[in-house]
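Here is the structure we will look at.
Only the coordinates and a few stated rules stand behind these numbers; no lab work does. For clarity, every value in this text was computed on a predicted model and none was experimentally measured. Neighbour counts are summed over all protein chains in view; Cβ atoms, including those assigned to glycine, are modelled from backbone coordinates with ideal geometry.
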Amino acid sequence: MSLETVRESAKISYVIGEDSTQTIVEHDIIVPDINPDVARILLLDGEVVTVESEASQDRVHVDGTLRYKILYISDDDEQAAKSINTTGDFSYGVDVFDARSGMKTKARCEVEHIDYKILNGRKINVKTILKISAKVMDEIDQEFINDIRGVEGIQILKDKVDMYCYLGENNVLYNAEEDLEIPVGKPPIKEILRSDVKIVGKDCRIDDNKIIAKGDINILTLYIGDNEERSIQFMEHEIPFAQFIDLPGIGERSECEVDYGIKNVFFSPSEDSDGELRVLKAEIAVSLDARATDKRAMEIISDAYGLKSRIDYDRQLLKINRFISKEKSQVSLKEIVTLDGNSPDISEVFNVLCKPSLFEYNCENGFVDLQGAVKSSILYVANNTEQPVFSYNSELPFNQRIEVDGIKPGTKCDVDMEVEHCNYSMLSANEVEIRIVLNINVKIIDPMDISFIADITESPVEERCLNKYPSITIYFAQPEDNLWKIAKRYCTTVEDICRVNEINRDDVIEVGQQIMVPRKIS
């Protein structure tokens, strides 16, 4: 009977490389024809709404779209507050060594700073500093030999390996369409100035072959009221949602990640039953990007030799990502922000935008130390007719130590930070207390190489080669010796060595220890 190998396959995904960089994106924003000219800017900020990436040789091409939100004072007789919501595309290349066309990529873009200049009443020049991070993953279907049949006297050494198999990914779009009522006591809508949308209360759980992603769409709207004063008003709404994401093969023991994103938003005032614009018609598209891996305990053959034949094999190295740990921590931050003398007094705070930023992290034995800050922008209605809306920026630094079993100095981490709650209280006309709960997720993935046997062949040996050793050999153990290495060297079995020396196969062999090695009798 000829040699036959039994194989098991696994889909493996591992990180080829990653890098991050900064770039400046410049756009000229043209005021829409229906809007009056710009006299001065009250508030201008932006966010990244779409990101697509593709790998090529040693490079990742990133394309995306920025959404700009502008509040300004018009130069007409009314000097009214007006708004512009527009988008601009960007494209950039990030160098990632060993990237190749066809590999999977993941890119993330964050707005770090925006500068603007009014070129004339109809054009605004905007320069945005973007931080772009890109990661490249390779995906292969790898076969492993886990047993050999059909060869008399073959000795096999197996290793138990935890393999993190890639199950796949899926992207779905959840479309929310709701009629949101204006709160009692607030005037109808004359004009919508600004809408801020974010996902809060994110949660996901795994069911058979699917992920259930949940959350709440938080909407804060700034608008001009349809009253005599044409006062600036704000209101807040939340839309709960749940969405199934199909992922064949996923189960309770799988690991999954879901990225939530606001893809598109559209708001328009609508009439209620009395004919007043007291309904906000909301259309929001939420993108849900899910990925999953499954931990499989596999036995693969790491070495083999024959007692009656010659066994040759080809050995290969496989790069895998060994999952060490995934830890979650929370940081509570509180600060009283005092406006400087150049900022108008506060009438009402209508929102606080928070964005966490990681400065650095250091890994020690059993710990990860992180340093960063949460940048906050206090958006408020001012006690100032010339500056009715204002934004004041501040920064809350933080230091956090997270205990992580198995982590060592120099280990790389994936750190994901998200503001879970942001509450605020107006203490006076120039003081606001901000309270932030920051979620920090640290995932430790250790890249490693696995040596495995890819192919095995058998060939006959001469009888004299099988009997070249004496019936008993006295062997003195050398550094890094074990029973398998000794048995293979003298073409015998670990069981026979253990029987003759009255030891167990798991016993540690000391350097210089005398071992009696019997010749294997056919």
(Q) Only four residue types carry charge here, +1 at the Cβ of Lys and Arg and -1 at the Cβ of Asp and Glu. Report the dipole size of segment 44-126 about the Cα centre in Debye, rounded to the nearest 20. (A) 220
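Rounded to the nearest 0.05, what FRET efficiency do LEU173 and GLU152 give with R0 = 56 Å and r taken as the Cβ-Cβ distance? Could you check?
Numbers: r = 60 Å, r/R0 = 1.07.
My answer for the efficiency is 0.40.
What net charge do the residues around ASN482 carry, taking every other residue with its C-beta under 14 Å from that of ASN482, with Lys and Arg at +1 and Asp and Glu at -1?
Values: positive: LYS485, LYS488, ARG489, ARG505; negative: ASP159, ASP303, GLU480, ASP481, ASP506, ASP507, GLU510.
Residues close to ASN482 contribute a combined charge of -3.
Assuming 0.36 nm per residue, please report the length gained on full extension of the stretch ARG489 to SER287 beyond their Cα-Cα distance. Numbers along the way, then the final one.
Numbers: separation 202, 0.36 × 202 = 72.72 nm, distance 5.93 nm.
Working it through step by step, the gained length comes to 66.8 nm.
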Q: Please list the non-local residues whose amide H lies under 5 Å from the amide H of GLU139, H modeled 1.01 Å from N, same-chain partners needing a gap of 5 or more.
A: LYS104
Q. Once the Cβ-Cβ distance between ILE472 and ARG315 is put in as r, and R0 is 30 Å, what FRET efficiency do you end up with, to the nearest 0.05?
A. 0.40
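Among the listed pairs LYS263/LYS328; LYS106/LYS263; LYS319/LYS443; LYS82/LYS131, give every one whose C-alpha distance is greater than 20 Å. Before the final figure, lay out the partial values.
On the way: LYS263/LYS328 27 Å; LYS106/LYS263 17 Å; LYS319/LYS443 18 Å; LYS82/LYS131 30 Å.
The pairs that break the limit, which is 20 Å between Cα atoms, are LYS263/LYS328; LYS82/LYS131.
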Q: State the Cα centre-to-centre distance between segment 268-333 and segment 172-224 in whole Å.
A: 25
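Relative to the present Cα-Cα distance, how much length would full extension add between SER451 and LYS190 at 0.36 nm per residue of separation? Before the final figure, lay out the partial values.
Working: separation 261, 0.36 × 261 = 93.96 nm, distance 6.90 nm.
Roughly 87.1 nm would be gained on extension.
Given only helices, namely DSSP H runs of n ≥ 4 each adding -39500 (n - 2.57), what is the per-residue ellipticity at 222 nm of the chain, to the nearest 500 deg cm²/dmol? Intermediate values should be presented prior to the final figure.
Numbers: 3 runs with 19 residues, N = 522.
Using -39500 (n - 2.57) per qualifying helix, the result is -1000 deg cm²/dmol.
Around CYS413, under 15 Å between beta carbons, what's the net of Lys plus Arg minus Asp minus Glu among the other residues?
On the way: positive: LYS135, ARG322, LYS326, LYS328, ARG401, LYS408, LYS412, LYS443; negative: GLU18, GLU257, GLU327, GLU360, GLU364, ASP369, GLU403, ASP405, ASP414, ASP416, ASP446.
So the surrounding residues net to -3.
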Q.
Need the full-extension length gain, SER91 to ALA39, defined as separation in residues times 0.36 nm minus the C-alpha distance. One decimal, nm.
A. 15.6 nm
Q | Given (i) 1.36; (ii) 1.04; (iii) 1.22, the label whose value is Cα Rg over 2.2 N^0.38 Å derived from this model | A | (i)
Q: Along Cα→Cβ, 7 Å out, is where each label goes; now give me the distance between the ones at GLU395 and LYS326 in nm to one decimal.
A: 3.2
Q. Among VAL49, LEU222, ALA290, whose Cα lies farthest out toward the positive end of the dipole of the chain, if unit charges sit on the beta carbon of Lys, Arg (+1) and Asp, Glu (-1)?
A. ALA290
